[in-house]
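The values are calculated or read from the model by the stated rules, or taken from the named source; none is laboratory data. Because the structure is a prediction, the values reported are computed rather than measured. Neighbour counts run over all protein chains shown; Cβ positions are idealised from the backbone, glycine included. To get the accessible areas, we keep the full protein, side chains included, count just its heavy atoms, and leave off ligands, DNA and RNA. Shrake-Rupley method; radii C 1.70, N 1.55, O 1.52, S 1.80 Å.
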Amino acid sequence: MFYNADPAEYLKMRIESLSLMLCGDDALRPAFSSTRQIGVVTLEAADTPSAAARRRFVASEANLIVHHAAETLLRMFYAHVEQEDCPWLGIASSVNFTEFKQKLDHGLESGFDREKIAQVFLGGVPVADSQIHVTETDFNEGIDAVSLLLTYAAQRYLAESFVYNAAKHGLSNVMVDNASLGVETEGQGPLQLHQGQLQTYLHKNRFPGAKNEPRQWFMSATGTLPDQDLAVSLLIARAIDSLWNCARRKYLASPGQIVLLNAEDVAVAIYGPVRHSLNVVRTFTYELPKRSPDGSIPETQLTFVNQQIPGEWSPESGDDVRPVRRINLLVRQRDRRIHSTSRRHLLPFSPNGIQQV
């Protein structure tokens, strides 16, 4: 049965496993020097990777995790909104990228529906219908938090698909360990545009979704923020936990818990690492030079995508995230099902008594 799985557990395992690479050599050496067995395959002891290799791995893998988490969050949200009778078929049928992109564009343009967010992530709307013991203010704050998370997930998924695909398809991204890029300003000296790691990659169109672009083939360099990637991924995993438990209550009459997210915590996870980096530019895109038929090389273009922090944003309590707030999700009367003593099942993997695919 669909809801017997736990997608958030998979994401959290990826986050925790990757974060182990941030431990020191003394902590990692015993693990890497151990022989590991999986089935009939034995993995022999290995040298502990260098700190530089681990930093590159963390930055590259964190980017993959946050993109995977963002896409999972968005597809699950739409499946539970658009195919409420059978969300698991909605997930399985969500294979058209063009349609999916149009949904995200609409969500970013019009805003994600607050009532639908409440139904999917908080168990119902208004708060009395969800039957969770929180105040109206906290309930609306939870909706704000998920809305911000969905918005960032959609923006990241659409705007940075090139760097994600470069890593996912062929590992064609190249990590630069410590790049320093800046410009001289008149009367104010040098301005730092970027300092730190960069992921470089090639792409044909100037930016994702570009159409009828006469100029083709570019090299981009995108700054890494693994702290942002892991913090956002963890919040997405908690949101998926809430979605999953709300669905289990609705479809299986199973009690559980939700994590009541706070909008300020989401903002700190997104904007805090950007502020701390002091970098102005997120992505540099260089047009590759091409030779014309007459042998000349036309002028090329360089474009920037700046880091984004809302002008009105200022952290309320520093960069410290509040403790996780878990709220019990009690089974309502309408969630209950008639207990079945039949030995027959709709499908081999269906829970006893379930009548939906």
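Below is a table of values for the structure above.
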read-out	value
Total residues in region 1-44, condition in a loop (DSSP other than H, G, I, E, B), at pLDDT 95 or above and in contact with a Phe, Trp or Tyr (Cβ under 8 Å, 6 or more places away or on another chain)	0
Members of region 161-173 that are in a helix (DSSP H, G or I), small (Gly, Ala, Ser) and either closer than 19 Å to Ala210 by Cβ or open to solvent by 50 Å² or more (accessible area, probe 1.4 Å) (or both)	Ser161, Ala166
Region 182-215, subset touching a residue at least 40 places away in the same chain (Cβ under 8 Å) and on the phi > 0 side of the Ramachandran plot, residue farthest from the chain's Cα centre (by Cα)	Gly196
Out of Pro293, Pro255, sole residue that is within 30 Å of His80 (Cα to Cα) and open to solvent by 30 Å² or more (accessible area, probe 1.4 Å)	Pro255
Residue identified as closer than 20 Å to Asp241 by Cα and modelled with pLDDT of 95 or more among Val127, Val146	Val146
Restricting region 216-242 to residues that are open to solvent by less than 40 Å² (accessible area, probe 1.4 Å), more than 15 Å from the chain's Cα centre (by Cα) and not polar (S, T, N, Q), the residue that is farthest from Val127 (Cα to Cα)	Phe218
Every residue from region 174-206 that is of a type in the set (S, T, N, Q) and either part of a helix (DSSP H, G or I) or over 21 Å from Gln301 (Cα atoms) (or both)	Asn178, Gln188, Gln195, Gln197
Any chance Ser50 is of a type in the set (S, T, N, Q), open to solvent by less than 40 Å² (accessible area, probe 1.4 Å) and within 30 Å of Thr224 (Cα to Cα)	no
